[in-house]
1. For region 189-246, give me each residue that is within 25 Å of residue 37 (Cβ to Cβ) and β-branched (Val, Ile, Thr).
2. Looking at the structure I just gave you, is residue 36 within 30 Å of residue 230 (Cα to Cα) and either touching a strand residue (DSSP E or B) at 6+ places or on another chain (Cβ under 7 Å) or in contact (Cβ under 8 Å) with a residue 60 or more places away in the chain (or both)?
3. For region 180-193, name all the residues that are under 23 Å from the mean Cα position of the chain (by Cα), surrounded by fewer than 20 Cβ atoms within 10 Å (Cβ to Cβ) and either closer than 14 Å to residue 239 by Cα or touching a residue at least 40 places away in the same chain (Cβ under 8 Å) (or both).
4. Specify the residue that is surrounded by the most Cβ atoms within 10 Å (Cβ to Cβ); the eligible residues are those in region 204-232 that are touching a strand residue (DSSP E or B) at 6+ places or on another chain (Cβ under 9 Å) and outside any strand (DSSP E or B).
5. Among the residues of region 144-159, how many are touching a Gly at 6+ places or on another chain (Cβ under 8 Å) and part of a helix (DSSP H, G or I)?
6. Could you run through region 99-131 and say how many residues are surrounded by 13 or more Cβ atoms within 10 Å (Cβ to Cβ), aromatic (Phe, Trp, Tyr) and not in a loop (DSSP other than H, G, I, E, B)?
7. Restricting to region 15-29, name every residue that is over 17 Å from the mean Cα position of the chain (by Cα) and open to solvent by 60 Å² or more (accessible area, probe 1.4 Å).
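The values are calculated or read from the model by the stated rules, or taken from the named source; none is laboratory data. Note that the coordinates shown come from a computational prediction; the quantities given were computed from them, not determined experimentally. We place every Cβ from the backbone using ideal geometry, glycine too, and count neighbours over all the protein chains shown. With ligands, DNA and RNA removed, areas are computed over all heavy atoms of the protein, side chains included. Shrake-Rupley method; radii C 1.70, N 1.55, O 1.52, S 1.80 Å.
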Amino acid sequence: MSYTGRSKKGIKSLQWGISLSIIGALVVLLAGYGYQWGWWHFRLGFQMIPWATGTTVVGGLITTFGFIRAKKTKTTLTVLGTISVIIALGALFNIGYWYLEVEKGYPPIHDITTDIQNPPAFVAIAPLRADAPNPVEYAGIETAMSQQSYYGDLSGIESNLPYDEAFDKALATVDEMPWTLVETNKEEGRIEAYEKLAWFGFIDDVVIRVDTTNTGSIIDIRSKSRIGRGDLGVNYKRIEAFKNAFKK
C-alpha cells in the first residue's frame, strides 16, 4: 500500500497516538497495582493518575487526527488506532465520573455506621488493623455529626424476624457480598468481614451486629476504611448495598 505525503503524516500521527494512549493506560493501571506490589506509596500512585490520564486522552486525540489525515491504513494499524480511541474515551469517562463524585462534596470521613450512639465494635478484625493508619476505635462525635449532616439519619434494618432467623439471613447476605468473612459469633450477634478493593487494593472492614427488639430484630452495620481520611462515599454505599440485599 502506497501513501501520499499527507497520508504518511497521518500514519505517523496514528503511531504516536496509539503509543501514547497505551502507555498512559498502562501507567494508570500501574499507579494502583504498583502500590499493591510495594513499588511506591499510594500518594505517588495518586499523583501519577492525572498525568497518565492526560497522556491517554492526548494520545486518543492524536490518533483521531491521524485517522483523518490517513485515508487508508493497514488493518493492524486501524485496529490499534480504534483501541487507542476507545481507551481515550474510557479515560474521559473516568475523569468525568470522579469529577462528579468529588463535586458531590462528600465529608472527609471514613467510618460510617447505622448507629452513631453505640456503633458496632470490631473484635476479630482489630488485630488485622494493628498497622493501619486509621485506628479500630470509632472516629468520634465529629464524624458522627458529619455523617448525620451529609447522609441524614442512616439507620439499621428493623426486621420482624426472630433473632436466629435474622442472624442467619444477615450471614447469608454477607456471603452474597464481595467480602471476605473473618468471624461470626451468633451468641454475641456479631459478623465481621472485609472488602479488598481492586486496583489500589485498599481494605475496608465491616462489622454487623444483630440484636433483639420488642417486635423482632435490628441489624446495625458499620464500615470503616483502614487507610485514608475521606472515602468518597464508599463506606456509605457499602452499607446501603448490604441493606438492599438483606431486604430482597
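1. Those that are within 25 Å of residue 37 (Cβ to Cβ) and β-branched (Val, Ile, Thr): 203, 227, 234.
2. yes
3. If the condition is that a residue be under 23 Å from the mean Cα position of the chain (by Cα), surrounded by fewer than 20 Cβ atoms within 10 Å (Cβ to Cβ) and either closer than 14 Å to residue 239 by Cα or touching a residue at least 40 places away in the same chain (Cβ under 8 Å) (or both), then 182 is the only one that fits.
4. Taking the candidates together, the pick is 231.
5. So the answer is 1.
6. Qualifying residue count for the region: 0.
7. Answer for region 15-29, where residues must be over 17 Å from the mean Cα position of the chain (by Cα) and open to solvent by 60 Å² or more (accessible area, probe 1.4 Å): 15, 16, 22, 23, 26.
Results for (1) open to solvent by 80 Å² or more (accessible area, probe 1.4 Å); (2) β-branched (Val, Ile, Thr); (3) over 18 Å from residue 81 (Cα atoms), shown as yes or no for each residue.
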position: 31; (1), (2), (3): no, no, yes
position: 35; (1), (2), (3): no, no, yes
position: 46; (1), (2), (3): yes, no, yes
position: 60; (1), (2), (3): no, no, no
